[in-house]
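These notes concern the structure reproduced below.
The values are calculated or read from the model by the stated rules, or taken from the named source; none is laboratory data. Predicted model only: the values in this text are computed from it and were never measured. No Cβ is skipped: glycine too gets one built from the backbone with ideal geometry, and neighbour counts run over all protein chains shown. Surface accessibility is based on the protein's heavy atoms, side chains included, excluding ligands, DNA and RNA. Shrake-Rupley method; radii C 1.70, N 1.55, O 1.52, S 1.80 Å.
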Amino acid sequence: MASPVLRGMLKQAKGVGHKRLISIHGVQHDAVRVFIRFLYSSCYEQEEMKELVLPLLVLSHAFVVPQLKRICEQQLENSLLTLDNVVDVFQLSLLCDAPRLVLLTHRMILRNIKAVSATEGWIAMKRSHPALEKEILESMIYEEQMEKERIRKLNERKIYLQLYEAMEALVHICRDGCRTIGPCDKDLKDDQKPCTYEACKGIELLVRHFAGCKLRVPGGCIHCKRMWQLLELHSRLCADSGSCRVPLCRNFKDKIKKQFKKDEMKWKILAKKILSTKRIGGEPFFLSSKSISSY
């Protein structure tokens, strides 16, 4: 009842005067003894499992005993997997159709490739299965590339978030005013609440510099050039330039219509990425990311 494979063998042996010997080769005698005991009692000794877990995994797969197979997999996952046996477990997991164990051992090998490649299991695998070694090394290169790509995307997203926060702070300063800076028709009070916009202080310094710089023309001053770029970026995100309080918003909107297609595409991509990164959609003073494609 515990093994459909053994049940099939025993059925073939039925009949008067017929005896059948079932031989199990390729594993230690003790492993077979523990395996047979488990078939009858569903029990095992922890010390024996610790010593014989790999041959028991093979037997449980070969004779289709899923309960024992799950136990072997769990024991390996929880405590019995080491740098010395990880290569052997990885190969057995492939043969015994244990996908979760394949994934865990593969990750462990990649994380500890230097130490694992010096073990006897790796050296034996290199001799007997060179193609498998090649696959592992290729997957390691792929994982490194994926990690670099992940870090690049995280850094890129961080920049887009900073740009969005700068746009928010710019609107806040030009529309509402903040502490000591704001529109001329706003009465700025000394007892204002602390500003909640993280980028506000940096934008305030940039605006003050821009207002007093004698080289304010684009390309004349690096700080002013940054301010021109922020103003243009704002105009591309602004939902209503007619009522917008940010300087030159409408002028930049008109300039967009005369811009070269190549430059226009770059600005569109940047604006769309900023909006999609923050997932704004429906902000009162910014376009949605879908609207960027249509203007």
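Here are a few things to note about the model shown:
- Inter-site label distance for LEU215 and MET1 at 7 Å from Cα along Cβ, in nm: 9.1 nm
- Per residue, in Å², the accessible surface of region 1-156 once ligands and nucleic acids are set aside, probe 1.4 Å: 66 Å²
- Across all Cα pairs in region 3-127, the calculated P(r) in 5 Å bins from zero up to the longest distance comes to 2, 10, 20, 20, 18, 13, 8, 5, 3, 2, 1, 0, 0 percent per bin.
- Relative contact order for region 22-105, counting Cα pairs under 8 Å that sit 6 or more residues apart, in percent: 22 percent
- Modelled spin labels at LEU161 and GLU48, positioned 7 Å past Cα toward Cβ, are 5.5 nm from each other.
- Karplus 3J(HN,Hα) series, Hz, for region 65-73 with 6.51 cos²θ - 1.76 cosθ + 1.60 (x for Gly, Pro): 10, x, 4, 5, 4, 5, 4, 4, 4
- Given their separation in residues at 0.36 nm each and the Cα-Cα distance between them, HIS29 and GLU120 gain 30.4 nm when the chain is fully extended.
- Rough spin-label spacing in nm, given labels placed 7 Å along Cα→Cβ, for ARG111 and GLN229: 4.0 nm
- Using R0 = 35 Å, the C-beta based FRET efficiency linking ARG250 and MET146 works out to 0.20.
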